[in-house]
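Just below is one structure, and these are the notes that go with it.
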Protein chains: 2
Amino acid sequence: MSNIRAAIIGYGNLGKSVEQVIASQPDIDLVGVFSRRESLDTSAPVIPIADIEKHTDNIDVLYLCLGSATDMPEQAANLAKLYNTVDTYDNHNEIPRHRAEMDAAAKESGHVAVISTGWDPGMFSLNRVYADAVMTDNDQHTFWGPGLSQGHSDALRRIDGVKKAVQYTIPAEDALDKARTRQGEGITGKNAHLRQCWIVAEDGADLEAIENSIRTMPDYFVGYEVEVNFITDEVFDAEHTGMPHGGHVVTAGKIGDTQHLIEYTLKLERNPDFTAGAMVAYGRAAHRLAQAGETGARTVLEIAPYLIHPASLDDLVAKSV
Amino acid sequence: MSNIRAAIIGYGNLGKSVEQVIASQPDIDLVGVFSRRESLDTSAPVIPIADIEKHTDNIDVLYLCLGSATDMPEQAANLAKLYNTVDTYDNHNEIPRHRAEMDAAAKESGHVAVISTGWDPGMFSLNRVYADAVMTDNDQHTFWGPGLSQGHSDALRRIDGVKKAVQYTIPAEDALDKARTRQGEGITGKNAHLRQCWIVAEDGADLEAIENSIRTMPDYFVGYEVEVNFITDEVFDAEHTGMPHGGHVVTAGKIGDTQHLIEYTLKLERNPDFTAGAMVAYGRAAHRLAQAGETGARTVLEIAPYLIHPASLDDLVAKSV
C-alpha cells in the first residue's frame, strides 16, 4: 500500500507540530506546506497559496492548521471543496454550524472533511460520549488544566504596566474529588478552576493597580479564584514559556444499583504537539473513508477507532482488544 | 422510532445485570430471557431455549450472557446465525478465532455480531488503540484492580481447610507511577500487581499450611507479591462479598519533542453491572448496523462511537463534541 500524501496549510504552532508528527509516521508523507509567505523555516516544500487548486491530484489529505476565530470560517469550506481535510475547529458553540458548512462543501465535491479533532474537542468528546452511553445515569464534568490559557494570557498582557504574562488554569482538587464521588452538584467552570497568573511588570509599574485590574476584569477573572504572582524576567523565561495543558473528563454514576467512576486524564507537556498527534491520526480516517467512497463531514464520533491507527485491523484485534 | 427489542440468553450475574440495565434504557425493551430452566427469579418472560428459533421475527438483538470458557465456544456461532448478537467474550488470546467464527456465522445469515464488549476487552481495548494511534511513540501498560479475581478466589477455595476466600488484584502504586512517567520498562503483570487474599479457615485448620499452599501455587501466586489475611466469617460476610473491579490504561510517550500522558481509569463497584452497561450500549450498534444492511462480526474498534448512544448524532454533536 502506498503512503498517504499529506499537506499542511497554516504554519503556526499547530502546523509546525503537524509537520513533526507526520515525519514520525510510517504511512504518511508530507508533500508540502501551503503558505502566503515565500519561505518558511522548514525543509518541506513551500507551496504558494495561490496554487492551492493545482495540487488536487497529488495530495490525499490536507491538514487545516488555521485559527478557529477567523481563518477557519473564511477558508475551511473552500478547502473542503478541493481536498479531504482534517481540522481542529474548537469553537464548541459553533461546531454544528461548521459541520453543516463542511458537510455541504465536502459532499458537493466528493471529499471527506474530518472536523474538530484534537483533544477538546476531540479525545475529550469521545470520552464524554462513550462514558455517557455506557452509564446513562451519570453526572459528567470536564476539568481543564493545569494548562496555559492563551486567551487569558493575552488579556493579562493588555494591562498597563505588564511586560510579560501567562495564565494557567488549574482544576480545584476539591471539585475534582466531588465529581469523582458524584457529589459535584453545583460545580461550575468558575468554582472548579483556579486562575493562576505569573506576571513580569514593567520597571516602576504599580503592582497593586495591575493586580486590581486583573481581579476586576469581567468574564476573564471576576468570579474565579485568582492567584497573582509577580516574578522576574529570568524566572519567567526559565519556567513559563512552555505550553502545558491537559485535564480530566470525570463521569460518575450508577448502573443497576451500584456506583461507578470513569475518568479520562491527559497531561500534556505541549498543547499543540498533542493536538497535532490527534489531528494527524484522523488524517488516516479521512483518506480511508474517501477511498471507501464516502463523502461529507465527519466528527470524531462518527469514525470507527481502528481507522485512525496505522496498523491493520487484524493486527489491532490480536494485539489490543 | 420504535424501541429496540432485546432478549437475553444466560441468567447468571451478567444476565441479571443486563436485564437491569435494559430496564433503565429509554430505547430498548426486553422481550424475554432464554433459559433451560422453567422459571427464573425474574418478572420478564422466560422462554425455553428449545424455542430459540421461533422468535427471530420479534427480537432485534440477543445479549449472549454466557461463560467464555465453554458455553460461548459451543453456542455463540449458532446464535449468531439466528439473531444479531452482542457478547463479552474475554479470552484475549482466542478473540481472533472467535471473531472469525462469529463473522462467518453472521455473514452467512445476514446478521451483525458485536463481539468482546465490556471493559477489558471493551472500553480498555478502545483506549489502548486510541492512545496508541494519537501518540505512536509510547509505552503502554494496563493495570487491573483493585478488584476481585474470580479465578484466583476459586483457586483459594480449593485449598484444604479453606472455608471462604476472595482474592483481590491490586496495582502496585510504584509501578503505576513508573508507567505514568514512562519509566515502566521491566513492568510485568507479575511485578505490577499485588495479590491480596482474605481467608476464612475451617475450625482447627492449619493456617500455616494454608498460607504455604497459597504462596507455592504455581501460575496463580508464585512470583507475585502475595498478602494473606485470615478473617472471621462475620468480617468476610460484611466486607468481602462484593465484586469490585477496575483498573488503568496508562500510555506515556512522546509527540514531537515533548512528553505526554494519557490515562483511562475505571473504578467499578460491581464488575458485572459495568460490563452489562457497556454490553447493552453495544446492542444499539448491532441493531443500527443491521438496519443499515451491514453483516458480520464487529469488534468495538470497528464501531463509530455515536452508534452506541441513545441520543441522535445531531444532539451529541451539539452537546458533547
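The values are calculated or read from the model by the stated rules, or taken from the named source; none is laboratory data. Please read all numbers here as calculations on a predicted model, not as lab measurements. Methodologically, a virtual Cβ is constructed for each residue, glycine included, from the backbone with ideal geometry; neighbour enumeration extends over all protein chains shown. SASA here: full protein model, heavy atoms, side chains in, ligands and nucleic acids out. Shrake-Rupley method; radii C 1.70, N 1.55, O 1.52, S 1.80 Å.
Strictly over 25 Å apart at the Cα level, which of B:Lys178/B:Lys319; A:Lys190/B:Lys319; A:Lys163/A:Lys267; A:Lys178/B:Lys254 would you flag in this model?
Listed pairs above 25 Å: B:Lys178/B:Lys319; A:Lys163/A:Lys267; A:Lys178/B:Lys254.
Classify region B:223-285 as rounded, prolate or oblate from the Cα gyration tensor: take a ≥ b ≥ c as the square roots of its eigenvalues, call it rounded if a/c is under 1.5, otherwise prolate when a/b beats b/c and oblate if not.
oblate
In whole Hz, what ³J(HN,Hα) sequence does region A:158-164 give by Karplus (6.51, -1.76, 1.60; θ = phi - 60°), x for Gly and Pro?
My calculation for region A:158-164 gives 7, 7, 4, x, 8, 8, 9 Hz in order.
I need the shape label for region B:86-144. Rule: rounded when a/c is under 1.5, else prolate if a/b > b/c, else oblate, with a, b, c from the alpha carbon gyration tensor.
Judged from the Cα gyration tensor, region B:86-144 comes out prolate (a/c at least 1.5, a/b above b/c).
What whole-number volume per residue, in cubic angstrom, does the convex hull of the C-alpha atoms of region B:129-200 give?
Dividing the Cα hull volume of region B:129-200 by its residues yields 94 Å³.
What FRET efficiency would be calculated for the residue pair B:Glu234, B:Asp257, taking the C-beta separation as r and a Förster radius of 41 Å, to the nearest 0.05?
Using R0 = 41 Å, I get an efficiency of 0.10.
Largest first, how would A:Arg36, B:Arg157, B:Arg37 line up by accessible area (1.4 Å probe)?
Order by accessible area, largest first: A:Arg36, B:Arg37, B:Arg157.
Can you give the accessible area of B:Lys164, probe radius 1.4 Å, in Å² rounded to 10?
B:Lys164 exposes around 50 Å² with every protein chain in place.
When you take every Cα atom in the protein assembly as shown, what is the radius of gyration, and what is Dmax, the widest Cα pair distance, in Å?
Here Rg and the maximum Cα pair distance are 26.9, 89 Å.
Working from Cα positions, state the angle (0 to 90°, nearest 10) between the long axis of helix A:95-109 and the longest principal axis of chain A.
Between helix and principal axis, roughly 10 degrees.
Using only Cα atoms, find the angle between the long axis of helix B:71-80 and the longest principal axis of chain B, and express it within 0 to 90 degrees, rounded to the nearest 10.
20
If ligands, DNA and RNA are left out, what is the accessible area of A:Ser68 with a 1.4 Å probe, given in Å² to the nearest 10?
20
How big is region A:166-291 in terms of Cα radius of gyration and Dmax, in angstroms?
Radius of gyration, then largest Cα-Cα span, for region A:166-291: 19.8, 64 Å.
Okay, which of region B:260-291 sit inside 13 Å, backbone N to the point 7 Å along the Cα-Cβ direction of A:Ala292?
B:289
Quick check: net charge around A:Thr232, other residues with Cβ under 11 Å of its Cβ, Lys/Arg +1 and Asp/Glu -1?
-2
Counting only residues 5 or more places away or on other chains, whose amide H sits under 5 Å from the amide H of A:Gly118 once H atoms are built in the peptide plane?
A:Met123, A:Met279
Gain in length, A:Arg36 to A:Asp154, computed as 0.36 nm per residue apart minus the alpha-carbon separation, to one decimal in nm?
Length gained, A:Arg36 through A:Asp154: 40.0 nm.
Could you let me know the centre-to-centre spacing of region A:76-93 and region B:1-54, using Cα atoms, in angstrom?
45
Using a 10 Å cut-off around each Cβ of peptide B:264-274, what is the average number of partner chain Cβ atoms that fall inside?
Whole-number average of other-chain Cβ neighbours for B:264-274 is 6.
For a quick protection proxy, order the peptides B:248-256, A:23-31 by their average other-Cβ count within 10 Å, most packed first.
B:248-256, A:23-31
When chain B is modelled as a GNM with alpha-carbon springs shorter than 10 Å, which of B:Glu53, B:Glu234, B:Glu108 fluctuates the most?
B:Glu234
Please identify, among B:Gly32, B:Gly15, B:Gly161, the residue showing maximal mean-square fluctuation in a Gaussian network model of chain B using a 10 angstrom Cα cutoff.
For chain B, modelled as a Gaussian network with Cα springs under 10 Å, the answer is B:Gly161.
Could I get the Rg over Rh figure for chain A? Both from C-alpha atoms, Rh via Kirkwood, rounded to two places.
Ratio value, two decimals: 1.01.
Using DSSP, restrict attention to beta bridges with both residues in region B:147-243 and report what percent are antiparallel, rounded to the nearest 5.
Close to 65 percent.
What order do A:Lys81, A:Lys319 take when sorted by accessible area (1.4 Å probe), most exposed first?
Of A:Lys81, A:Lys319, the descending order of accessible area is A:Lys319, A:Lys81.
R0 = 60 Å: FRET efficiency of B:Ala318 with B:Ala172, Cβ-based, nearest 0.05?
Rounded to the nearest 0.05, the efficiency is 0.90.
Between region B:266-321 and region A:147-211, what is the C-alpha centre distance in whole Å?
Taking the Cα centre of region A:147-211 as reference, the centre of region B:266-321 is 38 Å away.
Would you please give the FRET efficiency between A:Lys163 and A:Ala69, computed as 1/(1 + (r/R0)^6) with r the Cβ-Cβ distance and R0 = 25 Å, to the nearest 0.05?
FRET efficiency, A:Lys163 to A:Ala69: 0.50.
Helix B:271-291 versus the longest principal axis of chain B: what angle, 0 to 90°, nearest 10, using Cα atoms?
20
Can you list residues from other chains, or at least 5 along the same chain, whose modelled amide H is less than 5 Å from the amide H of A:Ile4?
For A:Ile4, the qualifying residues are A:Ile28, A:Asp29.
In sequence order, what are the phi-derived ³J(HN,Hα) couplings for region B:142-154 according to the Karplus relation 6.51 cos²θ - 1.76 cosθ + 1.60 with θ = phi - 60°, rounded to whole Hz, with x for glycine and proline?
With coefficients 6.51, -1.76 and 1.60, one gets 9, 10, 10, x, x, x, 6, 9, 4, x, 6, 5, 4 Hz.
Taking the alpha-carbon distance from B:Lys54 and a cut-off under 24 Å, which lysines remain once sequence neighbours fewer than 8 residues away in the same chain are dropped?
Answer for B:Lys54, where 24 Å is the Cα cut-off: B:Lys16, B:Lys81, B:Lys107, listed by chain and number.
Run the quick spin-label model on B:Glu53 and B:Arg215: label points 7 Å from Cα toward the beta carbon, then report their separation in nm to one decimal.
5.9
Taking chain B as a Gaussian network, Cα atoms linked when under 10 Å apart, which of B:Met217, B:Met243, B:Met135 shows the biggest mean-square fluctuation?
B:Met217
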